[in-house]
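Chemist: Sharing a structure with you now.
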Amino acid sequence: MKHQWIIKTTSFRKTIALLAIVFLQSSFLYSQNLNEVEVSFKIDSVAVVEGSTFTNFLVVNNNTETTVQFQDLAPQEKYPGLLFYPKSDFVLNAGESKQLPLKFIANLDFMKMQSNAIFFTLSYTVSGISKKIEVPFNVVKEEDK
């Protein structure tokens, strides 16, 4: 009877070890898919003074092992003072990164905006699947005295 208990315990331990390995491997693969393309602004929070211009860079990293086609970079709303942002499509090969400039002027309408967050949406295609990612940065405005 004691011999049967040892066999059951050993097979139970092997099963638990196998399930743990499968779980860890699947969670590792899932986490890799979450970060296939990283998009962020070079500066998270930009201090602005009325009448001045400023530039922030959108940094795009391709962490996949394939080529990624980027189709569209667009502001989420019509921001006053937005002077320039790249509108052309581009491709990033595996492991490449690119910085895209966005230029603003802090005119009166820009300074009167209700929100201090500026959002851009970037569309891309990886392995035949189209995706969109939303990226914000904040503006710190000079107080009116």
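Please treat every number below as a calculation from the coordinates, not as lab data. For clarity, every value in this text was computed on a predicted model and none was experimentally measured. When we count neighbours, we look across all protein chains shown, and the Cβ atoms used for this are built from the backbone with ideal geometry, even at glycine.
Chemist: In µm²/s, what is D for the stretch 72-132 at 4 °C and 1.567 mPa s, where D = kT/(6 pi eta Rh) by Stokes-Einstein and Rh is the Kirkwood radius from Cα pairs?
Modeler: 95 µm²/s
Chemist: Find how much the distance from F119 to E142 grows on full extension, using 0.36 nm per residue of separation minus their present alpha carbon separation; answer in nm with one decimal.
Modeler: Extra length from F119 to E142 when fully extended: 6.3 nm.
Chemist: If I take all pairs of Cα atoms in the stretch 34-97, what percentage of them are more than 19 Å from each other?
Modeler: Tail fraction, whole percent: 43.
Chemist: I would also like to ask the following. Once the other residues with Cβ under 10 Å from the Cβ of N62 are scored (Lys, Arg +1; Asp, Glu -1), what is the net sum?
Modeler: Around N62, the surrounding residues sum to -3.
Chemist: Another one. What's the extension gain from I43 to T55 if we count 0.36 nm per residue and subtract their Cα-Cα distance?
Modeler: 3.4 nm
Chemist: Sticking with the crude label model, points 7 Å out along Cα→Cβ, report the distance from N93 to T66 in nm, one decimal please.
Modeler: 1.8 nm
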